[in-house]
Amino acid sequence: MKSLIRPAGLLFLVLAITLPAAADKAKSLYEKGKDAEARQDYEQAFEYYKQAFDLKPQDLKYRTPFERTRFLAGASAVHRGELLLESGKLEEALAAFQKAASIDPSSPIAQQEIKRTRQMIEAAKAPPQAAAPPSDSGLQKRLAEAGGPVDLAPISNVPITLKLTEDTKMIYETVGKLAGINTLFDPDYTSRRIKIELNGVTLQEALEIIALESKTFWRPVTPNTIFVASDTPAKRKDLEQSVIKTFYLANLSQPTELQDVVNAMRQILEISRIQPLTSQGALVVRGTPDQIALAQKLVNDLDRAKPEVIVEVAVMQVSKDKLHTYGLNPPTSATVALQDNFTSTTGTTTGSTTTTTGGTSGTPNQINLNRLGNLNATDFTVTIPPATLTAMMSDSSVKIIQNPQIRALDGQKATLKIGDRVPVATGSFQPGIGGVGINPLVNTQFQYLDVGVNIDITPKVHAGREVTLKVSLDVSAVTSTTNIGGINQPVIGQRKIEHEIRLKEGEVNLLGGILEDTTTKALSGIPGLASVPILKYLFSQTNTEHKENEIVFALIPHIVRAPDITAFNQEALDVGTASAIDLRRVSRPAAPAVAPQGQTPGATPPMAAPPAQAPAPPNAQAAPPQANPAGPASFIFDPPNVKQTPGSTFAVNVLLSGAQNVYSVPLQVSYDPKVLQVVNVSNGGFLSQDGQAVALVHRDDDQTGTLQITATRPPGAGGVSGQGAVVTLTFLAKGSGQSSLTISKGGARDPGMQALPVAGTVSTVVIQ
């Protein structure tokens, strides 16, 4: 028995020690949680409350804050994760979102952010080719592989000169070859002969001008292929691309605002297929790529966050009441009364005997008529009120300051009511006569009025940080009651202002100031003596009361979100004609050539003059190409060696010598990009010696120092022979050093596009 008692005693002793300690620890954790919650550290507060709840799970005192701060702690962790995500710390953001999900497992936003962050981490780690589209089904795969609108690949923006009088198909094909794109034509397209003269335009602009001149339109089929057709509404409807896109409008809250955007798209962009989804705040739009691009701009222009204003309202009321009472208030009346202790005598006669009885009257101010002759001064009492000397002053002051703040959206009405709702009877009625009798009950109808401070403000934010406020300010209070028809009705004192003003941000405006100043002076005393200058202080009393009541209303607007309008929102765009929406692409021309030292800008760089040739006789047949007796054709740099100073510009001609029947000259020039910079490439005159226009295309890679050039005569033109400058290259000397100009790849082609061998060449450029 003793062996059982001893362990039980030890267990009891342990429980007696640990339970109070656990209770004290739970209370300490609870206090720490309250302190953290007061500092708005909800995550730490939740941890303290959770530990206290784990120690005392049966105590509602600890369970209530544990459950209450669960949502706040989860939301705080989500917000912290979003800040980390914006700063690019994906791993830390994922840990914050996971903590939010562990705190509040019912939070959908935490689960969504975890999924999105994991996808971003995987996308950052995986190589680009490893990001395969989802293939859960054939439809999803088809949708994932679907491409956006087809657009042409970037083509050269070097200005060209083109003068042709040809069939439109031939003109399109010529420009297409110059731009390196394929040209397809509609089977129903009917070509016609037009004249085109273009100076200093890019290839993109040339295509648009040809379409305008020939009344045709083209659309890209692939990045390097265009399809040309007659510009008619039917053809545009059949051939124009159709694109579908869903626009999510994040800042429009009212259904009418969503409908305004729909109406703008239909009226301005002539998009007929628009489906608004009010429940999602979205628009599903189908149209041409240009219409969808303009719809995107329209959505960006209109779906802007509305400006917000905080209006600080100050209602200040000061009341002062001063009362002065001084003087001697003398008695102004006296009361005379009969004594109630005098005696009266009555007599009674019986036969020949008369009996006289004497007694005291018990009723004041009443006597018998036979006593009127015996009245004297002792039978009356005179009562005179006492005189009162008063010297009193009272001074009371009341200050009422109400300073509410109202936050409102631009154009949206905001209402603030502080006070009571007072019932006011508006009517009464009595039910009609019943089957037995009249119902004595009367039913009274009441209306509740808002009494206190009632503010209605509608702000409108303008440019220049100015705000227009439409204000209705009402300050009222129950001053007294009055009885109307047996019902006590409240009398409500009111001060109300309604007007519309325009203020600058932070400007203080006094809506209205009301000042009441009342002075009341009362004199009471003995007539005549109360008006004597000296004696009036002994025989009168003066009451002087001075009341002041001042109330001021002030408004101070503060803009917390201004209109976010960018320069792109206000930019005007060329959208085509009234019959067709078409965006015009702007091609940036290459930089103009920098004139060499000692030469005026715009002058033609020096070049080798072609040898004089005798004109061919009329009607003479062209002789077949003859072999060059001097050997194979070759490229020559003119001058062969160049010496310049840093910062200067110079020109080098690329000559073609010994060539026969040349139609096109493609070549590649290599240089040192650390020493030289290509400024311009211009026509040298060799291919245009007979007056034909030359299309010149070049691409410069300033990283590797590779310049690719192609000079081509117009389609249908024959070849030229002899010697001359094919192109003129203008360079800028970037710094000291030495560079070699090398034609590593190059040649010539005849009108049949057959290659003609041409030997390369090397030149040395020294910059010092």
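The values are calculated or read from the model by the stated rules, or taken from the named source; none is laboratory data. All figures in this text were calculated on a predicted structure; none of them were measured in a lab. Backbone-built Cβ (ideal geometry, glycine too); neighbour counts: all protein chains shown. Calculation scope for accessible area: heavy atoms of the full protein, side chains included, ligands and nucleic acids excluded. Shrake-Rupley method; radii C 1.70, N 1.55, O 1.52, S 1.80 Å.
For region 176-187, just list the computed ³J(HN,Hα) in residue order, Karplus coefficients 6.51, -1.76 and 1.60, θ = phi - 60°, integers in Hz, with x standing in for Gly and Pro.
Computed from phi, the couplings for region 176-187 are x, 5, 5, 7, x, 10, 8, 10, 10, 10, 5, x Hz.
Counting other Cβ atoms within 10 Å, which trypsin sites (Lys or Arg not before Pro) in region 161-228 have at most 15 and lie in a DSSP loop?
Arg192, Lys215
Tell me the carbon and sulfur percent of the accessible area for region 489-555, rounded to whole percent, probe radius 1.4 Å.
53
List every residue whose amide H lies under 5 Å from the amide H of Leu162, counting only residues 5 or more places away in sequence or on a different chain, with H placed 1.01 Å from N in the peptide plane.
Here the answer is Leu198, Asn199, Gly200, since their amide H atoms fall under 5 Å of that of Leu162.
Can you work out the accessible area per residue across region 488-536, with the rest of the protein chains kept in place, probe 1.4 Å, in square angstrom?
With all protein chains present, region 488-536 gives 72 Å² per residue.
For Ala334 and Leu369, FRET efficiency with R0 = 22 Å and r from the beta-carbon atoms, rounded to 0.05?
My answer for the efficiency is 0.25.
Taking a cut-off of 26 Å between Cα atoms, list the lysines near Lys306, but don't count ones fewer than 8 places away on the same chain.
Lys245, Lys297, Lys413, Lys417, Lys460, Lys470, Lys504
Evaluate E = 1/(1 + (r/R0)^6) for Phe568 and Thr64, where r is the Cβ-Cβ distance and R0 equals 41 Å; express this FRET efficiency to the nearest 0.05.
FRET efficiency, Phe568 to Thr64: 0.20.
When only C-alpha pairs under 8 Å and at least 6 residues apart count, what is the relative contact order of region 150-278, in percent?
Taking the mean separation of contacting Cα pairs over the length of region 150-278, I get 26 percent.
What's the extension gain from Asn182 to Ser531 if we count 0.36 nm per residue and subtract their Cα-Cα distance?
Length gained, Asn182 through Ser531: 113.6 nm.
Could you order peptides 377-383, 706-712 by the average number of other Cβ atoms within 10 Å of their residues, highest first?
Top to bottom by mean Cβ count within 10 Å: 706-712, 377-383.
For Thr390 and Asn376 in the same chain, what is the full-extension length gain: residue separation times 0.36 nm, less their Cα-Cα distance, in nm?
So the chain would gain 1.2 nm between Thr390 and Asn376.
Quick one: length gained pulling Leu212 to Ala463 fully straight, 0.36 nm per residue minus the C-alpha distance?
Extending this stretch completely gives an extra 86.3 nm.
Please state the charge dipole magnitude for region 682-761, taken about the Cα centre, from unit charges on C-beta atoms (+1 on K and R, -1 on D and E), reported in debye and rounded to the nearest 20.
It comes to approximately 60 debye.
May I ask you to evaluate 6.51 cos²θ - 1.76 cosθ + 1.60, the Karplus curve with θ = phi - 60°, for each residue of region 706-711 and list the ³J(HN,Hα) values in order in whole Hz, giving x for glycine and proline?
10, 10, 9, 10, 9, 10
Which peptide among 520-529, 31-40 comes first, and what is the full order, when sorted by highest mean count of other Cβ atoms within 10 Å?
31-40, 520-529
So which GluC sites (Glu not before Pro) in region 270-322 pass both tests, a DSSP loop state and at most 14 other Cβ atoms within 10 Å of the Cβ?
Of the GluC sites (Glu not before Pro), the ones in loops of region 270-322 whose Cβ has at most 14 other Cβ atoms within 10 Å are Glu270.
For Ser740 and Val221, FRET efficiency with R0 = 41 Å and r from the beta-carbon atoms, rounded to 0.05?
The computed FRET efficiency comes out at 0.45.
Could you sort out which of Lys177/Lys237; Lys89/Lys115; Lys61/Lys99; Lys643/Lys734 sit more than 19 Å apart by Cα distance in this structure?
Lys177/Lys237; Lys61/Lys99
Quick one: which residues, 5 or more positions from Gly684 or on another chain, have an amide H under 5 Å from its amide H? H modelled 1.01 Å from N in the peptide plane, none for Pro or chain starts.
Val727, Thr728
Can you give me the pair-distance distribution of region 653-740, C-alpha pairs, 5 Å bins, whole percents?
Per 5 Å bin, starting at 0, the Cα pair percentages come out as 3, 14, 25, 21, 14, 11, 8, 3, 1, 0.
Counting C-alpha atoms alone, how compact is region 158-197: give Rg to one decimal and Dmax as a whole number, in angstrom.
In Å, with Rg to one decimal and Dmax whole: 10.9, 33.
Just to check I understand the Karplus step: with θ = phi - 60° and J = 6.51 cos²θ - 1.76 cosθ + 1.60, what whole-Hz values come out for region 245-257, glycine and proline as x?
So the Karplus estimates, Gly and Pro as x, are 8, 9, 9, 9, 9, 8, 10, 9, 10, 9, x, 5, 5 Hz.
With a ≥ b ≥ c taken as the square roots of the eigenvalues of the C-alpha gyration tensor of region 658-698, please select rounded if a/c is under 1.5 and otherwise prolate if a/b is larger than b/c or oblate if it is not?
In terms of gyration-tensor shape, prolate.
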